[in-house]
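Have a look at the structure below, then the notes.
Derivation of every value follows stated rules applied to the coordinates shown; laboratory data play no part. Since the structure is predicted, the reported quantities are computational estimates derived from the model, not experimental observations. Reconstructed Cβ throughout: ideal geometry from the backbone, glycine too, with neighbour counts over all protein chains shown.
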Amino acid sequence: MASLQGRRHVRGKIRPPQRKSNIETLFDNTWSTLASAITTIHEQKAYTLSYEEVYRCGYNLVINKCGERLYHGVKDLIEKYLESEAEMKIVPVLGIADTSPSEGVQVLKAIQKLWKHHVTCLLMIKDILIHMDKNYVPQSRLPRTYDMGLYLFRDTVVRSPKYPIKSYLQKILLNQITMERKGDMIDRGAVKSCTEMLLELKENQGIESVYITDFETQFVETSREFYRLESEELVRRFDPPEYMRKVEDRLNEEQFRCSHYLTEKTEPKIREIVEQEMIAKHLKTIMEMENWGLKQLLINNRLEDLERMYRLFSRVTNGPNELQVSVSGYIKESGKAINTNVYPSSSENAEKGTPLGVALALRWVQEVLDLKERFDVILNSAFAKDKSFDTAINSAFESFINLNPKAPEFMSLFIDNKLKKDFKGKSDDEVDNILNKTTTLFRFLSDKDVFERYYKQHLSNRLLLGKSLSDEAERGMIAKLKIECGYQFTSKLEGMFQDMRLSTDTMTSFKGFLENAVDPPPIELNVTVLTSTFWPVPSVPVACNLPAEFLAATKVFERFFTTRHNGRKLTWHATMGSVDLRATFEARRHELNVSTMAAVVLLLFNNVPEGESLSYTAIEQETGLPTENLKRTLQSVACGKFKILIKEPKSRDISDTDSFRFNSAFTEKLSRIKIQTIASKVETATELKETHEKVEDARNHMAEAAIVRVMKSRKSLDHNNLITEVISQLQGRFNPAPSMIKKRIEALIDREYLERAPGNRTMYNYLA
């Protein structure tokens with residue numbers, strides 16, 4: 001059965017071509033105008049454009065929702081332009097840098113030329129797209145037109161993915177700077193333009209510049225290697241002063257470079273590299289060089305070089321400390337040499353207290369003063385009055401001064417000599433200046449109580465023998481000591497001046513008393529009454545058989561004194577006085593001013609027939625003077641400049657077998673002659689030992705007094721804190737050892753001033 005197959009016909013629908021929407025038509029027509037305008041701007045023909053027409057095009061596209069297409073269209077157009085320009089104008093000159101590094105500046109100029117033109121075009125393009133930047137760009141969180149153009153230059157030109165512009169730019173900039181460091185001339189303007197370009201180009205976050213990531217990091221590393229090699233070479237070739245000048249030049253050059261054609265933000269990083277590579281790594285090498293190292297600079301007082309060394313060393317962390325240690329070491333070494341000059345034979349002599357002349361003592365103090373003055377100038381001129389250097393210098397002086405066991409005595413002798421002789425004819429300012437310098441040395445002494453003992457002895461001699469040139473200078477010195485150590489230190493010294501003033505008043509009254517006296521003394525008598533606690537007088541006076549005339553005069557004064565000061569006891573000290581004698585020689589008469597002991601000896605010869613002698617033994621028996629005092633007295637009148645007595649046999653030293661006769665043939669132009677007792681003004685070993693024993697006794701009393709003061713105020717205190725407070729109170733006079741304080745605590749416990757707290761042996765209680 002046949003079936004019919006039907007056909008299904010589909011009717012096709014023919015549609016007409018779609019027409020573009022009004023917006024697309026608007027975009028095509030408007031974008032064409034804008035693109036042509038941007039091209040015209042790139043071709044440097046912007047003067048042919050109508051700003052109002054072009055601006056209206058951008059405005060219409062944004063308000064008609066074509067902002068995205070407009071933004072990306074502008075971006076693509078600029079990117080293609082930059083690719084084309086880089087390929088035509090920059091890439092062809094890259095090869096020049098390979099063939100001639102010095103000509104690499106041509107690459108910099110090509111990049112800079114394109115950069116400047118690009119920035120100029122961006123400013124124009126930005127102006128015609130203001131509406132897009134104000135509306136579409138913020139909503140879409142995109143870079144504004146100008147920033148977008150900068151990013152395109154960064155990614156298309158500087159960091160071109162097609163051409164090695166970035167690596168060439170880095171290499172050329174680094175080469176140019178290296179060439180300048182080596183003394184060659186470069187085109188700073190071209191380098192500056194490129195670094196400014198890199199600074200303006202930012203990373204995507206817009207904070208860090210391309211300058212840092214693409215140039216500065218490599219610049220810092222290459223600079224480190226450059227200065228590492230250069231510093232090693234310069235240290236080998238030049239002495240320290242010249243080396244430091246070159247380092248300073250490099251620092252100035254880098255500062256100039258960063259401020260003029262890099263950026264000031266790079267300067268701290270480069271400065272640190274120069275400081276580390278050229279200074280920090282060569283500190284000891286610079287200071288310890290034999291030719292004009294630190295020692296030679298100090299010896300030759302090269303203030304300018306020292307100041308430069310201080311400035312440079314202060315730039316690095318450990319520099320000032322290393323310089324301080326070396327300067328301190330030099331001072332200690334110089335001080336050791338000064339001490340050695342005082343004890344030239346060996347250090348053992350210093351410990352034994354070898355007797356030395358006053359001249360050597362004065363020289364020691366003067367050399368120390370000269371050294372201190374030299375370093376004061378260095379501190380002020382070279383080390384900028386740096387407090388840490390001042391402390392280091394003072395510490396070094398304190399160290400070597402206290403290594404000399406006779407330093408307190410020497411300083412006292414120096415002041416004694418100045419106040420007796422050297423201040424004559426000097427102005428008040430000069431006197432005050434010298435006293436200030438001496439006080440500075442006194443400040444370094446740890447044994448100030450030892451100095452006080454010597455100073456008191458020397459002051460007493462000046463006052464009693466009338467040798468001081470100026471009471472004002474004397475009081476000025478005491479005032480300075482009071483400032484340094486307090487009233488207690490100088491109270492006895494001031495008491496000595498008070499005694500001298502009272503003695504003057506006493507003698508005025510004594511003269512009035514003599515006018516009505518029935519039995520006036522056979523000789524003119526002038527007495528100085530001393531308070532025993534103020535003056536350094538022995539508790540037992542030196543034995544001396546005074547002549548009858550002397551004894552009669554003392555009895556008259558004692559009778560006068562007891563009528564006015566009932567209960568006071570007078571003790572006569574023959575070793576502390578002087579006598580004026582009238583002596584007749586063959587040529588003429590002379591008035592002799594001698595010590596009381598010398599007068600006692602000379603008066604013996606009034607009873608000796610002319611031409612006859614007295615033996616040493618006979619003189620000793622008649623005078624009753626101790627051996628040491630008698631021998632010094634005889635030396636002064638028989639072996640000194642003025643030989644009133646003739647000694648047989650002739651020699652400088654006095655022995656028990658010598659004999660003496662009056663020198664009637666003595667001649668001298670002066671009518672009045674002053675004969676000083678010959679004495680060792682610097683203590684002998686025995687005298688030094690006695691002084692130290694007396695000082696130790698005084699220190700024990702001071703330590704016990706300080707302990708009692710502290711415990712009386714605290715009532716109860718532990719051992720460590722008691723030691724600390726006692727040391728704090730005593731260190732103005734001397735530096736007590738904790739062991740010494742511990743012994744005094746034990747002594748006070750034995751005498752029941754203190755007790756140990758029950759159950760705690762480290763605590764002490766005060767017993768009222």
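A compact table of results
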read-out	value
C-alpha long axis of helix 428-444 to longest principal axis of the chain, angle in °	80
By average C-beta atoms within 10 angstrom, highest first, the peptides 611-621, 387-397, 123-133	123-133, 387-397, 611-621
Spin-label pair D519/L360, simplified geometry with 7 Å Cα→Cβ offset, distance in nm	5.3
Shape of the range 230-313, Cα gyration tensor, a/c cut at 1.5	prolate
Hits among lysines - C-alpha to C-alpha of K387 under 18 Å, sequence gap 8 or more where chains match	K372
Cα gyration tensor, the range 502-574 - rounded (a/c under 1.5), prolate or oblate	oblate
Spin-label zone in the range 403-429 - amide nitrogen under 13 Å from a point set 7 Å from the Cα of S470 along the C-beta vector	418-429
0 to 90° range, to nearest 10: angle between helix 240-260 axis and the chain longest Cα axis	40
Pairs beyond 23 Å (Cα-Cα), from K166/K202; K162/K269; K89/K162	K162/K269
Cα-based Lys proximity count in the range 577-674, under 20 Å, for pairs eight or more positions apart or on separate chains	11
Efficiency of FRET between K650 and K492 - r from beta-carbon atoms, R0 51 angstrom, step 0.05	0.70
In degrees, nearest ten, helix 471-485 long axis to first principal axis of the chain (Cα)	50
Spin-label model distance (nm) - N606 vs E430, 7 Å beyond Cα toward Cβ	4.5
Set of aspartates and glutamates with alpha-carbon distance to K555 below 18 Å, sequence-local pairs under 8 removed	E515, D519, E524
20 Å Cα-Cα reach of K482 towards lysines, excluding residues that sit fewer than 8 places from it in its own chain	K418, K437, K448, K456, K492
